[in-house]
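Visitor: Before I ask anything, let me first share the structure, which is written out below as structure tokens.
The values are calculated or read from the model by the stated rules, or taken from the named source; none is laboratory data. These numbers come from a predicted model, not from an experiment. No Cβ is skipped: glycine too gets one built from the backbone with ideal geometry, and neighbour counts run over all protein chains shown.
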Amino acid sequence: MVLGGATTLLLVASAGCTHATLAPPRPASGVSQFSLPHPDSQPNSITNGPHGSLWFSEERGNRIGRITRKGEITEFRIGTPNSGPLGIAVGRDGKVWFTENKIGRVAYLLPSGRIIEFSLPAHDSYPDTMTTTPDGSVWFTEWGSDKVADITARGIVKEYPVPTLNSEPDGITFGPDGNIWFSESAGNKIGRVTAGGVVTEFPLPHPASHPDGMTPGPDGRLWFVEHGGNRIGRISMSGKLSEYPLPGNDRGPDTIVAAPDHHLWFTDFFTGQLTTFSTAGGARDVSLGDANSGPHGMALGSGGTIWFVEEHANTVGRLDLAHYAHRLRGGS
């Protein structure tokens, strides 16, 4: 039996001799993984949608995918070749929005499967991550043009320049204060855009931290990962920063969510794990069975689940929080 992602030794008989062979690692209890229909699709981001389904982007596969709670996958091919879909978000009206990073466009998918694309003012803007707001607005970062932008259903784009040049805006989320917050991967700052369009930046204490994914936390603050700094960060709505070092030196925290159990979870790209982090401090790793699977995007699902995509393993994964917690306590 394998618990918590541990490995066991299998005894294999061959030509009258017995050899000890290391069994392949298995994912931790509570983790399910679903292979994509097409190889090398490179799933990037995932978001929750209506009726308990999750939607995800396939950067190399040039498709948008949908997965049900049972693991049934449907794919929608993007007509424009090599568009590089990355960020994805479902609007209040049910439209599935996504960025087309390689061609400088933002698009949405209709229930019929038809895709509507809108070109951004700058072709090399490299639109990246997306988020939505309670009023139905759709926001995204422009990694290549140092801007944060919103877009209407008619394709009207309003851009907000980031003061720091070559800042590479990356992660983005809607904050508890009603403002849009974003991370600057190269600028090494956290930024905020108010409803009036005022952009404010908050520098991080350590250089080359490369802040990435962000999420509102259970404590009324925003939490973010430092992909290059091996830390988790927290920022108050007034801009007060705190940082929490992670154990080990070879991590690559990427996307972060706040779970119903008041813990934070993030994907660890370099180690092929999910990690749970308590706001009181302390981290616990959850094995996905392959250190090179490349877990990237992450989203909350229905029924106490966390969903994620694995770029290198070409899978969509699900973690059942209740099942994982039960086994952690020693249940069967």
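Visitor: Within region 176-199, track down each residue that is part of a strand (DSSP E or B) and over 15 Å from PHE224 (Cα atoms).
Guide: The initial filter retains those residues of region 176-199 that are part of a strand (DSSP E or B), namely 180-184, 189-193, 199.
If the condition is that a residue be part of a strand (DSSP E or B) and over 15 Å from PHE224 (Cα atoms), then VAL193, VAL199 are the ones that fit.
Visitor: What number of residues within region 95-125 satisfy the criterion of being over 21 Å from the mean Cα position of the chain (by Cα), in a strand (DSSP E or B) and of a type in the set (A, V, I, L, M, F, W, C)?
Guide: Residues that pass the stated criteria total 3.
Visitor: Just to be sure before I move on: is HIS323 surrounded by fewer than 20 Cβ atoms within 10 Å (Cβ to Cβ), part of a loop (DSSP other than H, G, I, E, B) and not aliphatic (A, V, I, L, M) in the structure I sent? Reasoning before the result, please.
Guide: Working: surrounded by fewer than 20 Cβ atoms within 10 Å (Cβ to Cβ): yes; part of a loop (DSSP other than H, G, I, E, B): no; not aliphatic (A, V, I, L, M): yes.
So HIS323 does not fit the description; no.
Visitor: Go through (1) within 19 Å of the chain's Cα centre (by Cα); (2) at pLDDT 95 or above; (3) under 26 Å from ILE180 (Cα atoms) one by one and return the number of the condition SER238 breaks.
Guide: (1)
Visitor: Do we find that SER209 is closer than 25 Å to GLU159 by Cα, at pLDDT 95 or above and among the polar types (S, T, N, Q) in this structure? Before the answer, list the steps.
Guide: Values: closer than 25 Å to GLU159 by Cα: no; at pLDDT 95 or above: yes; among the polar types (S, T, N, Q): yes.
Spelling it out, it is not the case that SER209 is closer than 25 Å to GLU159 by Cα, at pLDDT 95 or above and among the polar types (S, T, N, Q).
Visitor: Spot the failing condition for PRO39; the list is (1) loosely packed, with under 11 Cβ neighbours inside 10 Å; (2) modelled with pLDDT under 90; (3) under 17 Å from ASN314 (Cβ atoms), and only one is missed.
Guide: Every condition holds for PRO39 apart from (2).
Visitor: For region 241-275: of the residues being small (Gly, Ala, Ser) and in contact with a strand residue (DSSP E or B) (Cβ under 8 Å, 6 or more places away or on another chain), which is surrounded by the most Cβ atoms within 10 Å (Cβ to Cβ)? It would help to see each step written out before you state the result.
Guide: Filtering region 241-275 down to residues small (Gly, Ala, Ser) leaves 242, 248, 252, 258-259, 272.
Pick out the ones that are also in contact with a strand residue (DSSP E or B) (Cβ under 8 Å, 6 or more places away or on another chain) and you get 242, 252, 258-259, 272.
Working: SER242: 13, GLY252: 20, ALA258: 18, ALA259: 17, GLY272: 24.
Only one residue tops the list, namely GLY272.
Visitor: Here are the criteria: (1) at pLDDT below 95; (2) crowded, with 16+ Cβ neighbours inside 10 Å; (3) on the phi < 0 side of the Ramachandran plot. Tell me which single one PRO50 does not satisfy.
Guide: Status for PRO50: all satisfied but (2).
Visitor: Do you know which residues across region 257-292 are over 24 Å from GLY49 (Cβ atoms) and among the small types (Gly, Ala, Ser)?
Guide: Answer for region 257-292, where residues must be over 24 Å from GLY49 (Cβ atoms) and among the small types (Gly, Ala, Ser): GLY272, SER278, ALA280, GLY281, GLY282, ALA283, SER287, GLY289, ALA291.
Visitor: Would it be correct to say that LEU300 is surrounded by 15 or more Cβ atoms within 10 Å (Cβ to Cβ), in contact with a strand residue (DSSP E or B) (Cβ under 8 Å, 6 or more places away or on another chain) and within 23 Å of ARG192 (Cβ to Cβ)?
Guide: On the way: surrounded by 15 or more Cβ atoms within 10 Å (Cβ to Cβ): yes; in contact with a strand residue (DSSP E or B) (Cβ under 8 Å, 6 or more places away or on another chain): yes; within 23 Å of ARG192 (Cβ to Cβ): no.
No: the conditions fail for LEU300.
Visitor: Out of region 232-263, which residues are aliphatic (A, V, I, L, M) and over 15 Å from PRO211 (Cβ atoms)? Before the answer, list the steps.
Guide: Here is the first cut: in region 232-263, the ones aliphatic (A, V, I, L, M) are 232, 235, 237, 241, 246, 256-259.
Within region 232-263, MET237, VAL257, ALA258, ALA259 qualify.
Visitor: Answer yes or no: is there a residue in region 162-173 that is outside any loop (DSSP other than H, G, I, E, B), surrounded by fewer than 22 Cβ atoms within 10 Å (Cβ to Cβ) and in contact with an Asp or Glu (Cβ under 7 Å, 6 or more places away or on another chain).
Guide: Within region 162-173, not a single residue is outside any loop (DSSP other than H, G, I, E, B), surrounded by fewer than 22 Cβ atoms within 10 Å (Cβ to Cβ) and in contact with an Asp or Glu (Cβ under 7 Å, 6 or more places away or on another chain).
Visitor: Give just the number: which of (1) at pLDDT 95 or above; (2) of a type in the set (Asp, Glu); (3) over 18 Å from SER57 (Cβ atoms) does ASP135 not satisfy?
Guide: The single condition ASP135 does not satisfy is (1).
Visitor: From SER238, SER293, SER278, which residue is free of Cβ contacts under 8 Å to residues at least 24 places away in the same chain, out of contact with any Lys or Arg (no Cβ under 8 Å at 6 or more places or on another chain) and buried (at least 22 other Cβ atoms within 10 Å of the Cβ)? Full working, then the answer.
Guide: Details: SER238 fails: buried (at least 22 other Cβ atoms within 10 Å of the Cβ); SER278 fails: buried (at least 22 other Cβ atoms within 10 Å of the Cβ).
Checking each option against the conditions leaves just SER293.
Visitor: Only one of (1) modelled with pLDDT under 95; (2) more than 28 Å from VAL90 (Cβ to Cβ) fails for ASP219. Which number is that?
Guide: ASP219 satisfies all of (1) modelled with pLDDT under 95; (2) more than 28 Å from VAL90 (Cβ to Cβ) except (2).
Visitor: Next question. Out of everything in region 206-221 that is under 19 Å from GLU168 (Cβ atoms) and in contact (Cβ under 8 Å) with a residue 24 or more places away in the chain, what residue ends up being surrounded by the fewest Cβ atoms within 10 Å (Cβ to Cβ)? Quick ask: steps written out before the conclusion?
Guide: Narrowing region 206-221 to residues under 19 Å from GLU168 (Cβ atoms): 206-214.
Those still in the list that are in contact (Cβ under 8 Å) with a residue 24 or more places away in the chain too: 206, 209-214.
Working: HIS206: 14, SER209: 24, HIS210: 21, PRO211: 28, ASP212: 22, GLY213: 25, MET214: 26.
For region 206-221, the residue satisfying everything is HIS206.
Visitor: What's the number of the only condition in (1) at pLDDT below 95; (2) in contact with a helix residue (DSSP H, G or I) (Cβ under 9 Å, 6 or more places away or on another chain) that LYS70 fails to meet?
Guide: If we test LYS70 against (1) at pLDDT below 95; (2) in contact with a helix residue (DSSP H, G or I) (Cβ under 9 Å, 6 or more places away or on another chain), just (2) comes out false.
Visitor: Kindly list the number of the only condition in (1) assigned to a loop (DSSP other than H, G, I, E, B); (2) modelled with pLDDT under 95 that fails for TYR244.
Guide: Every condition holds for TYR244 apart from (1).
Visitor: Follow-up. Out of region 59-107, which residues are among the basic types (Lys, Arg), crowded, with 20+ Cβ neighbours inside 10 Å and farther than 22 Å from HIS312 by Cβ? Break it down stepwise before answering.
Guide: First, the residues of region 59-107 that are among the basic types (Lys, Arg): 60, 63, 66, 69-70, 77, 92, 95, 102, 105.
Still in the list and also crowded, with 20+ Cβ neighbours inside 10 Å: 63, 105.
Result: ARG105, single match.
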